[in-house]
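Just so it is clear, none of the values below were taken in a lab; they were calculated from the coordinates. Because the structure is a prediction, the values reported are computed rather than measured. Cβ atoms come from the backbone with ideal geometry, glycine included; neighbour counts cover every protein chain shown.
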Amino acid sequence: MSILTFVSNVLSIGIPFSVALLLAALGEMFNQRAGIFNLGCEGIMAMGAFLGFIPAYFLQNSPLAGYANLLGVLAAGGAGILLGLLFALATVTFKAPQGIAGIGLQMLGWGTAGTLFRHFVGGVTGIPGLPSLPIPGLSKIPVLGPMLFSMNAMAYLAFLFVPVSYYLLFKTPWGLKIRAVGTYPRAADTMGINVTKTRYQALAMGGLLAGLAGAYLSLGQAKMFADDIVAGRGFIAVALVYFGRWHPAWILGGSLLFSIAQSFQLAIQVMGIKFPYEFAVMLPYVLVIVVLALTRSSAVRGPAELGKAYDREKRI
């Protein structure tokens, strides 16, 4: 097997793998830009994966089978918004510690999804999932065509959302409000920006994207649901926001880097290459730790009020 073939196989696996991480990390970026640190991303993804799976499972042999995937995506996104607003209620309105509230949300989402799955489904079952949508002409390009232009609709939309999120964050008044309440909320409040409302909106956006990330795992990638389907991707997404310096383009690069490292270990196993299995499995997670450790703190300037509750009555 040639090196080109091996690299092509790694990229063919890794690029689709990056979609769920990309969506979740972009959602977390909006959260953190508004000053909210949400460790509950993993739980929202679990609920999104379950709700994305359920319509496809129950409707696959019914006249509504053609709408099952759309219903699953809508349900996952809606649940993500609700869980994001629940987290906002706890941390923005009631000013609960964000780290503890995030862990509670993670446990709530993961536990609820697993319990409902065992009650209504019982065991791991496959579904048709999202079909591939090759782009005419572009999908025929040698090597690159099958990698980039033969994915499903959610994958295309995820990559399209990178420039969209950049535009929203840096080119719109709403994006300016998001950045203001995460950097200096008291000054933003003085200028007439509703800090509470803006943070609620950011958490709703983050929840929406995390829910869609979960739906992609069950509908577009695994085409099934299992208790461990998220497998720590929510926490990796939080780390990727730091790695990506709270910028959509860098977050895209981090998502691809981690996913390609993950696909590298899978390709090694599938192709029977002699390489210690344990080291291959560790590689993606070690890579994230090393990259974060080597990132100079002086070069990374995140939102100044990240993780801090805002109280307009408190004197400074």
* Between Ser62, Ser12, Ser132, find the one with the highest GNM mean-square fluctuation for the chain; connect C-alpha pairs within less than 10 Å. => Ser62
* Structure fact -> Two pseudo-spin positions, 7 Å from Cα along C-beta at Thr112 and at Ser62, lie apart in nanometres by 2.2
* Asked: Top mean-square fluctuation among Phe159, Phe37, Phe235, Gaussian network model of the chain, C-alpha springs under 10 Å?
  -> Phe159
* Asked: Between Phe235 and Thr93, what length comes free when the chain is fully extended (0.36 nm per residue of separation minus the Cα-Cα distance, one decimal in nm)?
  -> 48.7 nm
* Structure fact -> Residue-normalised 222 nm signal for the chain, counting each DSSP H run of n ≥ 4 as -39,500 (n - 2.57), nearest 500 deg cm²/dmol, is -22000 deg cm²/dmol
* To do: With a bin width of 10 angstrom, please list the P(r) values of segment 105-243 as percents of all Cα-Cα pairs, from the 0 bin to the one holding the largest distance.
  => 10, 28, 30, 22, 10, 1
* Structure fact -> Which of Lys95/Lys177; Lys140/Lys223; Lys95/Lys197; Lys140/Lys274; Lys197/Lys308; Lys95/Lys171 exceed 23 Å between C-alpha atoms? The answer is Lys140/Lys223; Lys140/Lys274; Lys95/Lys171
* Quick one: putting +1 on the C-beta of Lys and Arg, -1 on the C-beta of Asp and Glu, what dipole do you get for the chain around its Cα centre, in Debye to the nearest 20? -> 840
* Rounded, prolate or oblate: which fits segment 1-144 when a ≥ b ≥ c are the square roots of the eigenvalues of the alpha-carbon gyration tensor, with rounded for a/c under 1.5 and prolate only if a/b beats b/c? -> oblate
* To do: Can you figure out the FRET efficiency of Val143 with Trp174, using R₀ = 41 Å and their beta-carbon distance, to the nearest 0.05?
  => 0.55
* Run the quick spin-label model on Phe120 and Lys223: label points 7 Å from Cα toward the beta carbon, then report their separation in nm to one decimal. => 2.2
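Can you tell me the order of 18-27, 246-255, 169-178, 51-60 when each peptide is scored by its average per-residue count of other Cβ atoms within 10 angstrom, highest first?
18-27, 51-60, 246-255, 169-178
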* Shape call for segment 89-143 from the C-alpha gyration tensor, a ≥ b ≥ c root eigenvalues: rounded (a/c under 1.5), prolate (a/b greater than b/c) or oblate? -> oblate
* Grab the Cα-Cα distance for Thr190 and Leu157, subtract it from 0.36 nm times how many residues apart they are, and report the gain in nm with one decimal. => 8.2 nm
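Calculated FRET efficiency, Leu287 and Ile135, Cβ-Cβ r, R0 35 Å, to nearest 0.05?
Details: r = 31 Å, r/R0 = 0.88.
That pair, Leu287 with Ile135, gives E of 0.70.
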* To do: Report, please, the projected area of segment 25-102 averaged over directions, based on the convex hull of its C-alpha atoms, in nm².
  => 5.3
* Structure fact -> Largest first and rounded to whole Å, the semi-axes √(5λ) derived from the alpha carbon gyration tensor of the chain read 33, 24, 19
* Asked: So what's the projected area for segment 159-313, the Cα convex hull averaged over all directions, in nm²?
  -> 11.6
